[in-house]
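The values are calculated or read from the model by the stated rules, or taken from the named source; none is laboratory data. For clarity, every value in this text was computed on a predicted model and none was experimentally measured. Don't worry about glycine lacking a Cβ; one is built from the backbone with ideal geometry, like all the others, and counts go over all protein chains shown. Quick note on the areas: whole protein, heavy atoms, side chains included, nothing else; ligands and nucleic acids left out. Shrake-Rupley method; radii C 1.70, N 1.55, O 1.52, S 1.80 Å.
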Amino acid sequence: MLTVRIESLIHTIRDQPVMIDRDLARLYGVETKVLNQAVKRNVQRFPQDFMFQLTKEECLRSQIVTLKEGRGHHLKYMPYVFTENGVAMLSSVLRSEKAIEVNIRIMRAFSAMRNFLVNNAAIFQRMDQLEMKQLKTDEKVDAILDRLGDNEKPKEGIFFNGQIFDAYALVADLIRQAKTHIVVIDNYLDDTVLVQLAKRKPGVTVDIYDGHITKQLRQDVEKHNEQYPGVTLHKYTKAHDRFLIIDEDVYHIGASLKDLGKKLFAFSKMEVMTGLQLLANL
């Protein structure tokens with residue numbers, strides 16, 4: 001199931017993108033009833049805007065859920081669907097490493113769909129003006145998702161308090177795109193950033209510039225390099241802001257990499273200089 005594009009499993013019901021419990025269970029590698037039982041044990045964490053049960057009419061109308069489980073067997077209960085917030089909340093009740101990995105992929109898919117919709121709003125308006133209003137919302141979204149391939153590196157954006165998965169996914173995606181080297185300039189790093197850096201391609205080196213290098217951080221880097229060699233620590237006390245350099249692309253990050261999503265922050269790609277030029281001025 002992990003080979004399936006997650007974007008294709010996101011559907012629009014009641015005018016919002018959702019995922020079906022059955023598909024989520026398969027992604028997590030558990031039975032649907034196991035997932036729903038875990039949710040029921042923590043039902044206070046899943047209000048109506050996080051999760052809701054489909055009606056029979058919605059199942060028939062959307063055609064994304066069959067009312068038959070197998071030959072001669074009909075669904076006893078209508079399936080549940082989870083909104084983006086609901087999927088994020090699942091990470092608090094399904095805590096396996098696989099669940100965390102799957103949740104990150106799902107949140108990236110939601111973010112990609114949302115960014116595509118925002119960035120192409122003018123195009124959709126023109127489509128409506130060309131008498132294409134007869135297209136159902138699902139058909140529009142499906143057409144968008146079909147066009148979602150490898151995402152280009154984002155240039156700027158704002159993350160609000162609580163968008164931890166979105167922010168985590170952004171940095172993870174940038175790290176994965178690095179071809180030769182990564183530079184981190186951040187005075188407040190810890191081992192969680194090293195976990196992110198472990199997602200880089202083999203052979204990609206990392207230089208970390210930190211003004212508060214602790215004994216613990218040195219030990220963490222040593223342990224990291226035993227399995228993922230290539231990280232070098234540099235003492236640098238003259239930086240106020242945080243920067244992330246992916247090859248030659250420079251990103252200004254408004255929060256420490258270890259705190260992304262915990263508070264409102266913004267990021268932007270710097271067009272005024274390359275990574276090499278920035279490092280030459282350190």
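Distant-in-sequence amide contacts of LEU94, defined by a placed amide H-H separation under 5 Å and a gap of 5 or more residues or a different chain, comprise nothing. Quote the FRET efficiency, to the nearest 0.05, computed for SER268 versus GLU97 with a Förster distance R0 of 35 Å and r equal to the Cβ-Cβ distance. Efficiency for this residue pair is about 0.60. Average accessible surface for the stretch 1-62: 55 Å² per residue, computed with a 1.4 Å probe over protein heavy atoms with every protein chain in place.
Compute the FRET efficiency between GLU156 and ARG176 as 1/(1 + (r/R0)^6), taking r as their Cβ-Cβ distance and R0 = 22 Å, and round to the nearest 0.05. Working from the Cβ atoms, E equals 0.65. Projected label points at ASN225 and ILE164, each 7 Å from Cα along the beta carbon direction, are separated by 3.0 nanometres.
Of all accessible surface on the stretch 175-230 at a 1.4 Å probe, what whole percent is carbon and sulfur?
Working: 1560 of 3000 Å².
Of the solvent-accessible surface of the stretch 175-230, carbon and sulfur hold 52 percent.
Shown is the FRET efficiency for GLU31 and THR205, computed with R0 = 41 Å from the Cβ-Cβ distance and rounded to the nearest 0.05: 0.40. Note on the stretch 255-272 and the stretch 24-60: Cα centroid distance 33 Å, given to the nearest whole angstrom.
On the protein heavy atoms, probe 1.4 angstrom, tell me the percent of accessible surface of the stretch 231-278 carried by carbon and sulfur.
Working: 1460 of 2550 Å².
Reported share for carbon and sulfur atoms: 57 percent.
For GLU156, the accessible area of its heavy atoms, probed at 1.4 Å with every protein chain present, is near 140 square angstrom. Legend: residues MET19, MET89, sorted from most to least accessible area (1.4 Å probe; ligands, DNA and RNA excluded), read MET89, MET19. Determine the shape class of the stretch 156-282: with a ≥ b ≥ c the square roots of the Cα gyration tensor eigenvalues, call it rounded for a/c under 1.5, and otherwise prolate if a/b is greater than b/c, oblate otherwise. Verdict is rounded for the stretch 156-282. For the stretch 199-282, the antiparallel share of DSSP beta bridges with both residues in that region comes to about 60%.
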